[in-house]
Amino acid sequence: MSRTDGGEGPGIDNPEPVVTLHSGLYNGRLLTVLPYTSRVEQTEQCLQRLQDCGIQVPVEQCKDSLQIPALIPEVHRYIFFSSRGFVIILAMVIYASIWINLYSTAQLFSDGHSWVTSIPVTITAAAVTVVVIAAINKQQRKINVNTDIRLAAANEIFMEYNVLLGLSDRSRSCQSVPSLCFIYFHLWGCHQRLSQRLANMSEDDLRKFLGQLFIFIETPADPTLAQTNHGDNTTEESPLLASGSRHKPVLCNKKIPLVLRSHPEVMARQLLIIASACYVRLLTSGQLPRAHGAGHTGVLDVPCPCQFIECSIIAPGPCFPCL
């Protein structure tokens, strides 16, 4: 993955960040927030605020990369069902249904006071609800294909200007408003550390690691049939109901690797592009744990992107138990 604008910029290969204004920039600083379903004018204002902070991003190129994810309806549905408001409603529904079912069952076998039965029922319903919500929250801390991976193309562009973005479920006026959060982060140190980590991995470990990083996409099983169906023109003699179902292509899942086998520096860059949106989402929502060692976040006491990738992707589990 390489730059497409051809201009000079700090990027992740330059050890010295280029900042022309506002010396208060530090790794992990929240620069600006953009509503996910914003208009083009709001997107231009957001990019202008980045320029006011001394980050010279190309407006036209970055504006196009920000508008692409907002046009996908599947992303809107996923954002709604994974929002905090929906999780709260789901918790209330789960608790009420479990409590009613357990209480009704307990009443069939109890002869005495109803309040004695309600105490263990309430405790059990609350415990089950907490376990279910905890499992949902743990799943949301992982890299998500619907949102984080779709923002990888935008992060590939913004990383060249020391900016990372991710989707965050931020509350505004008691409403859950999904927004794109932009943070400042100079990734040179993280890039070097990941490159060294990958270079020191054995062939078997590297092959096993890369084999676990993939996604599935749906593709027509017979591309010629899909092209033929797409090119068919409906005439007056064509049946109205049978034509669509009879020529509907059969879909199959195709395995797409997220990181290709290459030079360690190239693979490290691909890992940073893939994990950046998830890192920003967890950072802005306060779901990152405290850092156990010195990283590259500066004043923030949280893991930097390379520590996050090492402990959640390369070697998941032992470093950050909550991830």
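The values are calculated or read from the model by the stated rules, or taken from the named source; none is laboratory data. Here the structure is a predicted model, which means the values were calculated and not measured. Glycine gets a Cβ as well: all are built from the backbone with ideal geometry, and neighbour counts include every protein chain shown.
Structure above, values below:
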quantity: Sole residue being farther than 30 Å from His263 by Cβ and modelled with pLDDT under 85, chosen from Arg49, Arg84; calculated: Arg84
quantity: Which numbered condition Gly28 fails, given (1) in contact with a helix residue (DSSP H, G or I) (Cβ under 6 Å, 6 or more places away or on another chain); (2) modelled with pLDDT of 85 or more; calculated: (1)
quantity: Helices (runs of 4 or more DSSP H) wholly inside the stretch 236-323 that include at least 1 residues being over 20 Å from Arg197 (Cβ atoms), modelled with pLDDT of 90 or more and not hydroxyl-bearing (Ser, Thr, Tyr); calculated: 264-284
quantity: Search result, residues across the stretch 106-121 that are surrounded by 15 or more Cβ atoms within 10 Å (Cβ to Cβ) and hydroxyl-bearing (Ser, Thr, Tyr); calculated: Thr117, Ser118
quantity: Residue among Arg150, Arg141 that is touching a Pro at 6+ places or on another chain (Cβ under 6 Å) and either over 30 Å from Ala277 (Cβ atoms) or in contact (Cβ under 8 Å) with a residue 60 or more places away in the chain (or both); calculated: Arg150
quantity: Pairs with Cβ under 8 Å, 6+ apart, first in the stretch 196-214 and closer than 22 Å to Lys142 by Cα, second assigned to a helix (DSSP H, G or I) and β-branched (Val, Ile, Thr); calculated: Arg197/Ile314; Phe209/Ile314; Leu213/Ile274; Leu213/Ile313
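Residue-by-condition table, conditions (1) at pLDDT 80 or above; (2) more than 30 Å from Leu213 (Cβ to Cβ); (3) surrounded by 13 or more Cβ atoms within 10 Å (Cβ to Cβ):
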position: Ile88; (1), (2), (3): yes, yes, no
position: Val93; (1), (2), (3): yes, yes, no
position: Asn101; (1), (2), (3): yes, yes, no
position: Ser104; (1), (2), (3): yes, yes, no
position: Gln139; (1), (2), (3): no, no, no
position: Leu151; (1), (2), (3): yes, no, yes
position: Tyr161; (1), (2), (3): yes, no, yes
